[in-house]
Every structure is written in C-alpha cells, then in structure tokens.
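**Student:** Structure in structure tokens, see below.
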C-alpha cells in the first residue's frame, strides 16, 4: 500500500484563512463588503473609522481610472499620418501617404 508522502503545507482542498473568514461572515448573513458599507454609513462611528471603511470598500464598488501618458508636450500638436489606399481602373491598389 503506497501512501502519499506528506510534503508539508496546507492539505489539498483545505481553505485558507481568507476563504474561511469570508464563509463565516456569509453564514452570519452579511458579506465583508456589506459590513464595510454599514460601518461607512454609521454616523455614530468616528469619522476616521468611516473613512477607512470607505477606502477599503471603494475598489469593490468603483473601478479605478487608468492613467494615460502622452508622449507629446501639451503645447505642441501630436503629428498624425493618414495613408489613403485607392483602386485604379486596372483594379490594382495604390498608396498615397498624406499628412
């Protein structure tokens, strides 16, 4: 009978701490996000606690805007090149670059 060798670590299929905490919170009828939103909306709580709850809940409620960096200086226009392809009478493609 060949038994698997114990290599240490968490057994396959067992839950990590985060997943256990989430499942326990959901069994109680409230998700962690709902808890944070409740703390944020509770006017009896200290303002700094409410702000921390809002910061923690924000990524789950609102998408983060991407940062876009342009290579040109704001005062100078960005050069654009357009290539026009037309058909001749003999059905061959011709290219004429324009700026």
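The values are calculated or read from the model by the stated rules, or taken from the named source; none is laboratory data. These numbers come from a predicted model, not from an experiment. Every residue, glycine as well, gets a Cβ built from its backbone with ideal geometry; the counts of neighbours run over all protein chains shown.
**Student:** Tally time: how many residues in region 15-35 are surrounded by 12 or more Cβ atoms within 10 Å (Cβ to Cβ) and either modelled with pLDDT of 90 or more or not in a helix (DSSP H, G or I) (or both)? Working first, answer last.
**Tutor:** Looking only at region 15-35, we keep the residues that are surrounded by 12 or more Cβ atoms within 10 Å (Cβ to Cβ), and these are 21-22, 25-26, 30-35.
Adding the requirement that they be either modelled with pLDDT of 90 or more or not in a helix (DSSP H, G or I) (or both) leaves 30-31.
The total comes to 2.
**Student:** Is it true that residue 4 is modelled with pLDDT of 80 or more, exposed (fewer than 11 other Cβ atoms within 10 Å of the Cβ) and out of contact with any helix residue (DSSP H, G or I) (no Cβ under 8 Å at 6 or more places or on another chain)?
**Tutor:** For residue 4, the condition - modelled with pLDDT of 80 or more, exposed (fewer than 11 other Cβ atoms within 10 Å of the Cβ) and out of contact with any helix residue (DSSP H, G or I) (no Cβ under 8 Å at 6 or more places or on another chain) - is not met.
**Student:** Any residue in region 46-71 that's on the phi > 0 side of the Ramachandran plot and assigned to a helix (DSSP H, G or I): show its pairings with residues that are modelled with pLDDT under 90 and surrounded by 10 or more Cβ atoms within 10 Å (Cβ to Cβ) at Cβ separation under 7 Å, as long as the two are six or more apart or on different chains.
**Tutor:** Between residues of region 46-71 that are on the phi > 0 side of the Ramachandran plot and assigned to a helix (DSSP H, G or I) and residues that are modelled with pLDDT under 90 and surrounded by 10 or more Cβ atoms within 10 Å (Cβ to Cβ), there is no close pair.
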